[in-house]
Amino acid sequence: MRFLLSDEQREFGRTLNALLGAAGTPAAVRAWASGDHKPGRALWARLAEAGVFGLAVPEEHGGMGLLPLELTVAFCELGRHAVPGPLAETVAAAVFLHRLGDGAAAGEWLPRIASGEAVVGLCAGSPYALDADAADTVFVIQDGVARRTGRHGPVQPSLDPARRLSRPLDGTVLVRGPAVAAAAAPALDLARLVTAAQSLGLGRALLTATVDHARQRTQFHAPIGSFQAVKHRLADTLIGLEFAQPLVHAAALAVAAGAPAAGREIAAAKVAAGEAAYAAARTALQLHGALGYTEELDLSLWIRKARALRDAWGTPAECRARVLAGAGASAEGPL
């Protein structure tokens, strides 16, 4: 099977890349990590204008219908620029609301998600919600009950300072019973899929930054990029990312086609992209001489996010188990 993005899809990705490249995202990420959400919310509104969140919202609620492949294109660029916020959670919540059958909740929140007016959290399979302090509401799925809350506990430290975690508190019950699990399954699969795409973009950004550094940094009067060991390390990183990309696209196509094996395709993509991005982060850290951990270097914003995305919405072990068993593995919440 030979697969290429269409001209329109590639142009969509280039447009988002240009938009985010001019937006000064590192400053927005640092502000978000400190609890200042204003720059991030402004960036969120611009992404909504570009149609990112409408890709997960039905047309009757102001969106474009669920377009999984376009979502992966968008989230690859969001990962490339380390955009902060509950991005995967918001689009997954849109799918959950649409499938849940609660017309009042869908009518209230889906148009706001599509327009970028609402930042929405989703908490399932984990005691913590991502960026609940920045979200307008959080949808919690637990023990066959779906509820909505605007209250949360204290913010907890995370692997990535820009991924702020807190426990959602009791809220309004929306639906109970089997309908909750039926609506949650495709929503959680979408969260895994777009997180895989986000990891892929993040890994590509780390590789690009590391290649540029290897060309500029000299040792023994030669660029370190001319050393065979460095070349091999960068080549291995590139191969991992290149192998992950078709898996992400194939998973998106499986979701779009409603394929029975879509969950396994998503799990395989999540493992490959998450591990490739984490490998890219390790390569970046080592070839930058361990400077990546310093607060002053923007590269640290990408390095810290790689591990968190690798484990969010399904650890590598859980996703591998799902691929092997062909059954739904429990979803791991945002880390």
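Only the coordinates and a few stated rules stand behind these numbers; no lab work does. The structure displayed is predicted, hence computed values, not measured ones. Please note: Cβ atoms are built from the backbone with ideal geometry, for glycine as well, and neighbour counts cover all protein chains shown.
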Report the equivalent ellipsoid semi-axes for the range 181-335 in whole Å, largest first, defined as the square roots of five times the eigenvalues of the gyration tensor built from alpha carbon atoms.
33, 15, 11
Mind giving me the nanometre distance, one decimal, between the label points for residue 324 and residue 296, set 7 Å out from Cα along Cα→Cβ?
4.7
For the range 114-119, what does the Karplus curve 6.51 cos²θ - 1.76 cosθ + 1.60, with θ = phi - 60°, yield as ³J(HN,Hα) per residue in whole Hz, taken in order and with x for Gly and Pro?
4, 7, x, 5, 10, 9
Set of aspartates and glutamates near residue 305 by C-alpha distance (under 15 Å), chain-local residues within fewer than 8 positions excluded:
77, 131, 160, 275, 295
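Projected area of the range 211-297, taken from the Cα convex hull and averaged over every viewing direction, in nm²? Walk me through the numbers before you get to the answer.
On the way: hull surface 27.7 nm².
The number I arrive at for the range 211-297 is 6.9 nm².
Could you give the length gained by full extension between residue 235 and residue 217, i.e. 0.36 nm per residue of separation minus their alpha carbon distance, to one decimal place?
Numbers: separation 18, 0.36 × 18 = 6.48 nm, distance 1.79 nm.
Going from the current span to full extension adds 4.7 nm.
If one computes P(r) from the Cα atoms of the chain, what percent of pairs lie at distances over 32 Å? Let's see the in-between values first.
Numbers: 13645 of 55945 pairs.
Above the 32 Å cut-off, the chain has 24 percent of its Cα pairs.
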Rank-order 267-279, 203-215 by packing density, defined as the average count of other C-beta atoms within 10 Å over each peptide's residues, highest first.
267-279, 203-215
Which one, 166, 210, 223, is farthest towards the positive end of the dipole of the range 149-249 when Lys and Arg carry +1 and Asp and Glu -1 on their Cβ?
166
Residue separation times 0.36 nm, minus the C-alpha to C-alpha distance between residue 46 and residue 6: what's the value?
12.0 nm
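Give the Kirkwood hydrodynamic radius (Å, one decimal) of the range 270-327, defined as one over the mean of 1/r across all pairs of different Cα atoms. Intermediate values should be presented prior to the final figure.
Values: mean 1/r = 0.0820 Å⁻¹.
About 12.2 Å for the range 270-327.
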Taking a quarter of the surface of the Cα convex hull of the range 80-212, what do you get in nm²?
8.2
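Got the relative contact order for the range 129-194 handy, in percent, Cα pairs under 8 Å and 6 or more residues apart?
Working: 103 pairs, mean separation 21.7, N = 66.
That works out to 33 percent.
Run the helix sum for the chain: -39,500 (n - 2.57) per DSSP H stretch of 4+ residues, divided by residue count, reported at 222 nm to the nearest 500 deg cm²/dmol.
Numbers: 11 runs with 194 residues, N = 335.
That comes out to -19500 deg cm²/dmol.
Output the peptides 160-173, 120-133 sorted from most to least packed, where packing is the average of other Cβ atoms within 10 Å over each peptide's residues. Provide the component values of the computation, followed by the final result.
Numbers: 160-173: 18.9, 120-133: 23.4.
Ranked from most to least packed, the peptides come out as 120-133, 160-173.
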Once amide H atoms are placed 1.01 Å from N in the peptide plane, what residues at a sequence separation of 5 or more from residue 165, or on another chain, have their amide H within under 5 Å of its amide H?
131, 156
Give the relative contact order (percent, whole number) for the chain; include only Cα pairs under 8 Å separated by 6+ residues.
17
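Dipole size in debye (nearest 20) for the chain around its Cα centre, Lys and Arg Cβ +1, Asp and Glu Cβ -1?
That gives the chain a dipole magnitude of about 760 debye.
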Specify which residue in the list 302, 183, 9 is farthest towards the positive end of the charge dipole of the chain, using unit charges on the beta carbon of Lys, Arg (+1) and Asp, Glu (-1), about the Cα centre.
302
Go through 304-317, 42-55, 18-31 and give me the packing order, highest mean Cβ count within 10 Å leading.
304-317, 42-55, 18-31
